[in-house]
Amino acid sequence: MTAGPTSHRYISQRLKLHYVDWGNQDAPPLLLVHGGKDHCRSWDWAADVLSKDWHVIAPDLRGHGDSDWSPSGEYNTFSFVYDLAQLIHQLKLAPVTIVAHSMGGNVAIRYTGLYPDKVRKLVAIEGLGLSPQALAERDAVPRNQRLRDWIEQKRSAAARVPRRYGSLKEAYQRMKSENSFLSDEQARHLTIHGASQNEDGTFSWKFDNYLNMWSGIDIPQAEIEALWGAITCPTLLLYGKDSWASNPAEDGRIKHFNSASVKLYDNAGHWLHHDQFDRFIADLNEFL
């Protein structure tokens, strides 16, 4: 692996947000956007390979990694979209290529639908959000009740304190237990960059506890699907066969895209870019 990236900050909605830059600034820009409760250094293995041909930048989304937490504890999807738009605008990256995972994929897809001329190519790893079945179950609950539930969840989240681990090894063991496909090396790396030491010597994950709950407010699903249909660049949607995420080629969501294809990965879960790294890089290089 190379010497690694340099660390930088930018401002979005009064928050100081962090990103890393892997250099090679004369190459075309490539954004790597992590998923929920993750961090920018989760991309290190991919960035190390891709930075030979690309100017790779990986942000820590608000509430994650070394970026500020939202003072209100609210993390609606379009706040993340705004932050991504600000990063691309401030660094003058457009037209940019984006590779994004999970929640980051959801954010990147919406940004691309809003600004189709600013994205060259898009790769989203399990980034479409709730499946049609999960949406139907959610929508079966009246909106007023869902909003009341959201208020109660926020109130409960306010009483929670970040879990403390007695050592990095203990945090590493938690990482391994939650992500069975990870190798020991991957789990150690993700733990080292994903946890910080508290004043009493214990360790806690860097992400904000309020990220454990969905925002209670979003635009209607039909408008989200309209954003998918507004995307004009080549789009690749990746899914792990062993993941909980629903395959859009089977559940019908692919019909909302004009230029998207889906690839499935055997022996891979939700973090397929870790689980099947070599195939992921090969597919990425071929697509990009």
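The values are calculated or read from the model by the stated rules, or taken from the named source; none is laboratory data. Everything quoted here is computed from the prediction, not taken from an experiment. Every residue, glycine as well, gets a Cβ built from its backbone with ideal geometry; the counts of neighbours run over all protein chains shown.
Could you list, in sequence order, the residues of region 190-209 that are part of a helix (DSSP H, G or I) and either surrounded by 19 or more Cβ atoms within 10 Å (Cβ to Cβ) or under 17 Å from the mean Cα position of the chain (by Cα) (or both)?
Leu190, Thr191, His193, Gly194, Asn209 - these are the residues of region 190-209 that are part of a helix (DSSP H, G or I) and either surrounded by 19 or more Cβ atoms within 10 Å (Cβ to Cβ) or under 17 Å from the mean Cα position of the chain (by Cα) (or both).
Kindly indicate which of Arg155, Arg138 is at pLDDT below 95, in a helix (DSSP H, G or I) and touching a Lys or Arg at 6+ places or on another chain (Cβ under 9 Å). Walk me through it before giving the result.
On the way: Arg155 fails: touching a Lys or Arg at 6+ places or on another chain (Cβ under 9 Å).
So the residue among Arg155, Arg138 that is at pLDDT below 95, in a helix (DSSP H, G or I) and touching a Lys or Arg at 6+ places or on another chain (Cβ under 9 Å) is Arg138.
So which residues in region 105-133 are among the aliphatic types (A, V, I, L, M) and either touching a Pro at 6+ places or on another chain (Cβ under 9 Å) or touching a residue at least 60 places away in the same chain (Cβ under 8 Å) (or both), if there are any at all?
Within region 105-133, Val107, Ala108, Ile109, Leu114, Val119, Leu122, Val123, Ala124, Ile125, Leu128 qualify.
Can you find a residue in region 272-283 that is free of Cβ contacts under 8 Å to residues at least 40 places away in the same chain, aliphatic (A, V, I, L, M) and touching a Pro at 6+ places or on another chain (Cβ under 9 Å)?
no
Could you identify the single residue in Trp244, Trp228 that is of a type in the set (Phe, Trp, Tyr), within 30 Å of Arg148 (Cα to Cα) and assigned to a loop (DSSP other than H, G, I, E, B)?
Numbers: Trp228 fails: assigned to a loop (DSSP other than H, G, I, E, B).
Matching residue, one of Trp244, Trp228: Trp244.
In the set Arg155, Arg146, Arg160, which member is out of contact with any helix residue (DSSP H, G or I) (no Cβ under 6 Å at 6 or more places or on another chain) and in contact (Cβ under 8 Å) with a residue 40 or more places away in the chain?
Arg146
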